[in-house]
Amino acid sequence: MKRQKIIISTLVLNLFLMGNLFAQTPQFDRLKENFEQNRIFEADFSHLYKDAFTGEEQYSEGKIWIGKERYRIEGDLQTMVVDGEVSTVYDQSRNRVIISDYIEEEDDFAPSRMLQGVDESFEVSERSLQNGSAEITLTSDDPFTVFNTVTIFLNGEGNPEEIVAVDQAENELVTTFKNGNFTEESKDLFRVEVPADAELIDMRYDSE
């Protein structure tokens with residue numbers, strides 16, 4: 001699992017939580033309300049990263065659960081859970097679990113870094129499509145934002161179906177969601193169950 005590439009879908013979805021930005025966008029308001037009510041967006045996803053310079057493409061897929069401040073991703077024999085403070089990654093192929101403090105400031109794709117200046121630097125528009133679906137577009141000319149444009153497509157029920165993001169280097173990230181819906185949080189969803197014999201690496205106590 002390419003951690004930074006895959007979690008882009010989750011981090012872009014955190015744009016939905018920026019309440020003051022979307023006063024003129026009713027579909028965003030509807031989406032934000034689901035998160036504010038602590039409901040979980042659950043979906044199968046596929047993610048394609050296109051490198052504008054080399055032409056290289058990286059593809060991944062799996063299952064994702066997104067809450068207001070937490071998320072879980074399963075795919076490529078790995079499970080990753082972030083609860084807002086701690087990141088836990090279980091690598092099934094190596095039977096190894098890595099636990100570390102989750103520090104947004106050190107993560108290039110973290111909401112705190114990606115959304116710096118969003119309220120001042122991004123223009124947000126919403127366009128209604130057929131069957132009640134919608135297209136949300138965020139654009140910025142600020143050279144310090146991670147993305148130039150982010151386009152989110154919502155279906156008629158207001159659930160995300162696709163996110164297309166273009167960064168400053170013109171790399172494109174396309175995340176597609178299938179069978180997406182909002183559900184109530186189930187017990188232990190944001191915990192990682194690992195075998196008793198798994199190797200444990202706890203980076204929280206790393207002196208470096």
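The values are calculated or read from the model by the stated rules, or taken from the named source; none is laboratory data. Model, not experiment: these values are computed from the prediction. Please note: Cβ atoms are built from the backbone with ideal geometry, for glycine as well, and neighbour counts cover all protein chains shown. Keep in mind that these areas ignore ligands, DNA and RNA; they rest on the heavy atoms of the full protein, side chains included. Shrake-Rupley method; radii C 1.70, N 1.55, O 1.52, S 1.80 Å.
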Could you give the nm distance between label points at Glu69 and Asn95, where each point is 7 Å from its Cα heading toward the beta carbon?
3.6 nm
Label-point separation, Leu129 to Asp188 (7 Å along Cα→Cβ), nm:
3.9 nm
On full extension of the chain, what length is gained from Glu172 through Glu157, given 0.36 nm per residue of separation minus the C-alpha to C-alpha distance?
2.8 nm
Net lengthening on full extension, Asp29/Asn181 (0.36 nm per residue, minus Cα-Cα)
53.1 nm
Based on the Cβ-Cβ distance from Asp142 to Gln58, what FRET efficiency comes out when R0 is 35 Å, to the nearest 0.05?
0.85
Which percent of the accessible area of the range 151-193 is formed by carbon and sulfur heavy atoms (probe 1.4 angstrom)?
40 percent
Separation between the Leu77 and Tyr205 pseudo-spin-labels, each 7 Å from Cα along Cα→Cβ, expressed in nm?
2.8 nm
